[in-house]
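What follows is a single structure, and I will ask about it in a moment.
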Amino acid sequence: MAEKYNDLLQQLDMERLPRHIAIIMDGNGRWATRRCLPRSAGHKAGAEALRRATELCREIGVEALTVYAFSTENWRRSEEEVSFLMSLLIEYLQKEVALMNQQDIRLGFLGDMNGLPAEVRSALLQALQDTAENKHMTLNLAINYGGRDELCRAARRMAGDVQAGLLQPEKIDEAAFAAYLDTADCPDLDLLIRPSGELRLSNFLLFQCAYSELYFSDRMWPEFGKRDLLSAILDYQQRDRRFGRA
Ligand code: IPE
Ligand code: IPE
Ligand code: MG
């Protein structure tokens, strides 16, 4: 029998919590299709799953949760699905701010904001501004995000700074490079979770994943509950992170 939430909670080693968790929120469409619902219902249920995951991370003291909400490749979907997702994002941002302020959660953003529709951009900017002072935890939304795109944007800005005389090429080491990424103010990524049974990164956090622990689950994101997230963290706590050492 699946272990109860409280039993799992008690097994947590609070000294070895991941500081930064990332989730590829995948499987919304299949979850809905299997229930004879439109894909949009899956995305709505996915937003609820995000709320639960955020709550758990906050409860146990994870510093940063970064979630993949819309990739640079997701524009390839039907206009109907893309516009539903954009409206859902606006709704989420507008609704969530009050709760985030109550819970002292700061919103962060990863991705290319310029490529977003104006209404999404302004909802996002508003939510970023309204939660900027919160300190307990950071929830990063990756929207119009692609790992390769992030690396190109970083390289472009770096080249600009070199041209302007602000950066010397020989000073570009891993830390200097990381400071140009969308995750510049986040701790190193400890644990990356992908539900839905797919075993790929789909262009998520390519630089940041270098030494993250990976956790895959067959559950679809809308049904991925607090217990599943706890199981992933407990699994992470059993791993021997060697970072190349013997
Ligand atoms: C993830 O669920 C949500 C987004 C990519 C926006 P999907 O919509 O990819 O769901 P599946 O993979 O088709 O089941
Ligand atoms: C990854 O899921 C992107 C998000 C969850 C936002 P996809 O469903 O787009 O990934 P692929 O196409 O299966 O690789
Ligand atoms: Mg998918």
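In a GNM of the chain with a 10 Å cut-off on Cα contacts, which of Asn134, Asn101, Asn114 has the highest mean-square fluctuation?
So, out of Asn134, Asn101, Asn114, the one fluctuating most is Asn114.
Taking 0.36 nm per residue of separation and subtracting the Cα-Cα distance, what length does fully extending Gln94 through Met14 add?
25.5 nm
OK, next. Quick one: accessible surface of Phe216, probe radius 1.4 Å, all protein chains present, in square angstrom to the nearest 10.
Spelled out: Phe216, probe radius 1.4 Å, area about 80 Å².
Could you work out the local net charge near Leu89, counting Lys and Arg as +1, Asp and Glu as -1, over the other residues with Cβ closer than 13 Å to its Cβ?
Around Leu89, the surrounding residues sum to -1.
Per residue, how big is the convex hull around the C-alpha atoms of region 1-142? Give it to me in cubic angstrom, could you?
124 Å³
Rank these by accessible area, largest first, 1.4 Å probe: Glu80, Glu48, Glu150.
Sorted by accessible area, descending: Glu80, Glu48, Glu150.
Considering amide H positions built from the backbone, and no H for Pro or chain starts, which residues 5 or more places from Arg106, or on another chain, come under 5 Å of its amide H?
Residues meeting the amide H criterion: His136, Met137, Thr138, Leu139.
Counting just the Cα atoms, what span does region 93-246 cover along each of its three principal axes? Round to the nearest Å and put the largest first.
Taking max minus min along each principal axis of the Cα atoms, region 93-246 gives 51, 48, 28 Å.
Now for a separate question. Please report how far the C-alpha centroid of region 97-146 lies from that of region 166-201, rounded to the nearest whole angstrom.
19 Å
Could you order Ser78, Ser196 so the one with the most accessible surface comes first? Probe is 1.4 Å.
Largest accessible area first, the list is Ser78, Ser196.
Averaging over every viewing direction, what projected area does the convex hull of the Cα atoms of region 64-159 cover, in nm²?
If you wrap the Cα atoms of region 64-159 in a convex hull and average its projections, you get 6.4 nm².
Here is a further query. On a straight-distance basis, which lysines could pair with Lys44 in a cross-link, Cα separation under 22 angstrom, same-chain partners fewer than 8 positions away excluded?
In chain and number order, the partners are Lys95, Lys226.
The values are calculated or read from the model by the stated rules, or taken from the named source; none is laboratory data. Only a predicted model underlies this, so the values are computations on that prediction, with no experimental measurement involved. Note: ideal-geometry Cβ built from the backbone for every residue, glycine included; neighbour counts use all protein chains shown. Side chains included, ligands, DNA and RNA excluded: accessible areas come from the protein's heavy atoms. Shrake-Rupley method; radii C 1.70, N 1.55, O 1.52, S 1.80 Å.
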